[in-house]
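Since the structure comes first, as structure tokens, the remarks are kept for the end.
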Amino acid sequence: MKILSIDTSSKNCSISIVEANNSTFNIIAVKNNSDEKTHSQKLMPLIDEMFKEVNFSLDNIDLLACCVGPGSFTGIRIGVATVKAFADVKGIPVVGVTSLESLAYNIEENGYIIPIIDAKNNNLYSAIFSNKNYIYLTEIKDFADNIDNALNIYNNFLASSQENIYFVGDGSIAYKDIIINNFQNKNIHFSTQNLQSSISLARCAYSKYLNGFYGDSNSISPIYLRKSQAERNLDGEK
């Protein structure tokens, strides 16, 4: 199965083509562009360039994987709209993956995984996952909150745990000192793989596909979790 994976939810626009078959997962092509302001101008040319390099087209693609957020409101809409269009034109099935799920798949070690995306002003997006021998489970689903409330959520869930705990994402860098101070008696680790990746997105999408979580273009829609900056400004919020 060949998967076209697209993630435009962060500053890094990441696209890839991978081939997945049961236990094998091969990267055919991957491209990244870190200019967030030009995702709308760069995405289609980037896809076209990648297809030409490997002599592919949408006719070679069996599954579309798309990051549905949370993250950049504009970026999410660009990625979702593009994948919806591809799915409608070619009738290719689609899998939606959240940015937090994708980050969790950056971690291959067994234990608990806490992806954190920095939403600025002490706010973040986060969740808690577990990984045991490459079987990833959602322990606490995606949420948006401030760092203090998030720490309470982490501590309450992990109070009796002796498992390794892996923090990943740009928020784990931004709040590293605070996290260390709150987890002095836990086996915590900070990942160096903190960028959202279309490769990890594809791995998660393939797992979801095998478990029947896929559909047509109507099966995916953006996930924001919180108001846009413009809406927060209007409401007097940070």
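The values are calculated or read from the model by the stated rules, or taken from the named source; none is laboratory data. Everything numeric in this text was worked out from a predicted model, so none of it was measured. Backbone-built Cβ (ideal geometry, glycine too); neighbour counts: all protein chains shown. With ligands, DNA and RNA removed, areas are computed over all heavy atoms of the protein, side chains included. Shrake-Rupley method; radii C 1.70, N 1.55, O 1.52, S 1.80 Å.
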Over 25 Å between alpha carbons, listed pairs K141/K208; K2/K141; K120/K208; K120/K176: K2/K141; K120/K208
Residue-by-residue Karplus 3J(HN,Hα) for region 118-123, coefficients 6.51, -1.76, 1.60, Hz, glycine and proline x: 6, 10, 6, 6, 6, 9
Spin-label zone in region 176-205 - amide nitrogen under 16 Å from a point set 7 Å from the Cα of Y134 along the C-beta vector: 199-205
Label-zone membership for region 77-97, site S40, 7 angstrom Cα→C-beta point, backbone N under 16 Å: 77-83
Inverse of mean 1/r across different Cα pairs in region 101-238, Kirkwood, Å: 16.0
Extent along principal axes [Cα atoms of region 120-197; Å; largest to smallest]: 36, 31, 23
Helix-only CD estimate at 222 nm, as mean residue ellipticity for the chain, using -39500 (n - 2.57) per DSSP H run (n ≥ 4): -10500 deg cm²/dmol
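Which order, highest average first, do 203-213, 165-175, 20-30 follow once you tally other Cβ atoms within 10 Å for each residue and take the mean per peptide?
So the order, starting with the most tightly packed, is 165-175, 203-213, 20-30.
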Probe 1.4 Å, accessible area per residue of region 35-160, Å²: 44
Surface share of carbon and sulfur [accessible, 1.4 angstrom probe, percent] for the chain: 46
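Pull out the extension gain between N122 and E49, defined as 0.36 nm times the separation in residues minus the alpha carbon to alpha carbon distance; nm, one decimal.
The N122-E49 span can extend by a further 22.4 nm.
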Base-10 log of normalised Debye intensity for the chain (one unit scatterer per alpha-carbon) at q = 0.16 Å⁻¹: -1.12
Inverse mean reciprocal Cα-Cα distance (Kirkwood Rh) of region 4-67, Å: 12.2
